[in-house]
Structure formats: C-alpha cells, structure tokens
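Below is one structure, written out as structure tokens; the observations come after it.
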C-alpha cells in the first residue's frame, strides 16, 4: 500500500470515528444516555472490548521474525513513552493535567482502529507492549504528577495483575508462544467483542464533548499548545526515532508511530476526577486533541513517508 492510499484510509477511518462520536453526543444531549450509562460503556470497553482487541492481536503464527518484532517493538514502545513523559514534563512543569495528557496517547481506543485500517490486523501485535507500558505509566508516573506523591505510590502489584489489559496481554503472550489455536466459537466471540472497541470508545468521546463548554474550550489557548505538543511535536520526534531504528519492519514502525501520534487518552479525565485534579480541563484536553487529530495524524504519516 502506498502512502497516499494509507492516508486516505486513515482520513476515512477517522471520519467514521467522528461519526460515532457525534452519535454519542446526540445520545447524551437527547437524554437517552446519562453519566451512569457512560460509565457502563467505559466498563464494557475496559473489561471486554480492549482485552479482546489485545488477545486478537496475538493470535498469529509464531515465527522468528515476530519473536524479534515483539522484543524490538516492546523496547521501542517504552522509549517512545519515556520521550513523551520527558517532553511534556519539561514544557508543562507547573500544569499537572497537561503533563499527564501530553505524556499518554490513546492507542487502545483510538490507535488500534487506525492501525487495522491502514496497516492490517496483524500489526496490532506490535503495539500490545506499548499499551501495557502506557497503562503502567499512568498508574505510576501519571498518579505521581497529579497528586505530587512519590513515583511508585500508584503502583500496586495486586491491582496490576488484576487489570484487564494486563490479563489480556498475558493471555495473548501465552497463546502466541505456545501456538495454541482457539476453538472457532471462542475465536469468533473474541472478534465480535473486539469490533465493539471503536464505536463504544468514540461514543464516550461524544459524551465528553456533550459535557464540555464548547465555546470556552475553543477560547482556551493552552489547549492548542498542548495539542501541538501531543499531536505534532512528540509524533515528529517519534517518527525520526523510528526512522533511525536499525531493526524492525516498516509495518512495526508504522504501527508504533500511529500509537504515538494518537490524541490525548481519555484516562486523563478518569484519573483527574479520581485524584481531585481539574476534571473539566482534563476532558477538554481529550476533546480538542481528538478533534484536531483528523488533520495531524495524516500529516505525521506523510512526514514519516518522506524521510530519506
């Protein structure tokens, strides 16, 4: 697939995702869904849809190339997340919400549909470790930034091993390394649950938008600076880093780039509410960056394609 085709597919996929967000907006405004319903959707996403997507990504034949790929993609994903955290902390040292929002993208709910549409379902395999590291980073570094507590205060091993994304990653790795073939009924159920990921995640974004002071959001200049960092600066640096990486396939590098180029992850709102940070501001970082990503993600993919 050439770059032009990939960009067109990305734009088409993002446009479809915004259609789902619009439906979520209308459902909330029409009082057909309330905050309790929104939380229920969130639980379905966290406990069913995203784990199914992760497990599905590991249902591949074990080959030497993929064995190397998971090691390289894991190390590269960790480096990209560390880069994001350092850059945003340097630029937003006095703004805890912005530091969290800029550091963590939305690869699980936003990135995976783009990866599947433009690179292929098999490429999800390469972002599983990125998603796992991102969630651990939110529990540790993210909580530390929002609360001012020591870095490891948010890391609770018992809670970690019970986390849906962690369990799904362990199951996926077990299936991959043992070469286990799932029965057709179970495999089909996983595929059906994974298909819920995109529409439900974007319904949630639309519900966030419905709760936002839209005019006030567009007048808040700091949101644009954060969006510039999250959507342009960090992905551009990530693109150069992946281009310089001597190992790994083009498929792996593109999947990781899309994960790094995603808008602000919705967990910034969840954690801000939980730890007494500025929840409305956190919601706005999610909404504005998601809206602007329809322009930024194709631009970053084009930039990556022209690197010599």
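The values are calculated or read from the model by the stated rules, or taken from the named source; none is laboratory data. Treat the numbers as computed from the prediction; the structure is a model and nothing was measured. As a convention, Cβ positions derive from the backbone with ideal geometry for all residues, glycine included, and neighbour counts pool all protein chains shown.
So the values come out like this:
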| read-out | value |
| --- | --- |
| The stretch 56-67, residues that are closer than 19 Å to residue 165 by Cα and either at pLDDT 90 or above or surrounded by fewer than 20 Cβ atoms within 10 Å (Cβ to Cβ) (or both) | 59, 60 |
| Scan of the stretch 247-279 for residues that are at pLDDT below 90, over 14 Å from the mean Cα position of the chain (by Cα) and closer than 26 Å to residue 74 by Cβ, ordered by number | 247, 248, 249, 270, 271 |
| Hits in the stretch 204-215 - residues which are part of a helix (DSSP H, G or I) and either touching a residue at least 60 places away in the same chain (Cβ under 8 Å) or surrounded by 18 or more Cβ atoms within 10 Å (Cβ to Cβ) (or both) | 204, 205, 206, 207, 208, 209, 210 |
| Qualifying position, being surrounded by 20 or more Cβ atoms within 10 Å (Cβ to Cβ) and farther than 29 Å from residue 177 by Cβ, among 123, 101, 76 | 101 |
| Only one of 128, 201 that is more than 16 Å from residue 70 (Cβ to Cβ) and surrounded by 17 or more Cβ atoms within 10 Å (Cβ to Cβ) | 201 |
| Residue check, residue 49 under 18 Å from residue 204 (Cβ atoms), in contact with a strand residue (DSSP E or B) (Cβ under 6 Å, 6 or more places away or on another chain) and part of a helix (DSSP H, G or I) | no |
| Residue within the stretch 247-254 that is buried (at least 24 other Cβ atoms within 10 Å of the Cβ) and under 19 Å from residue 97 (Cβ atoms) present | no |
| Unique match (being buried (at least 18 other Cβ atoms within 10 Å of the Cβ), touching a helix residue (DSSP H, G or I) at 6+ places or on another chain (Cβ under 9 Å) and within 17 Å of residue 107 (Cβ to Cβ)) among 33, 70, 41 | 70 |
| 3 or more residues at pLDDT 95 or above: qualifying helices (runs of 4 or more DSSP H) within the stretch 68-157 | 96-103 |
| Some residue of the stretch 9-30 being at pLDDT 90 or above and outside any helix (DSSP H, G or I) | yes |
| Among (1) surrounded by 24 or more Cβ atoms within 10 Å (Cβ to Cβ); (2) in a helix (DSSP H, G or I) - the single one residue 299 does not satisfy | (1) |
| Hey, residue 226 under 20 Å from the mean Cα position of the chain (by Cα) and either closer than 19 Å to residue 98 by Cα or touching a residue at least 40 places away in the same chain (Cβ under 8 Å) (or both) or not | yes |
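Quick grid of which residues meet (1) within 22 Å of the chain's Cα centre (by Cα); (2) on the phi > 0 side of the Ramachandran plot; (3) without any contact (Cβ under 8 Å) to a residue 60 or more places away in the chain:
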| position | (1), (2), (3) |
| --- | --- |
| 6 | yes, no, no |
| 14 | yes, no, no |
| 18 | yes, no, no |
| 32 | no, no, yes |
| 68 | no, no, no |
| 85 | yes, no, yes |
| 92 | yes, no, no |
| 95 | yes, no, no |
| 103 | yes, no, yes |
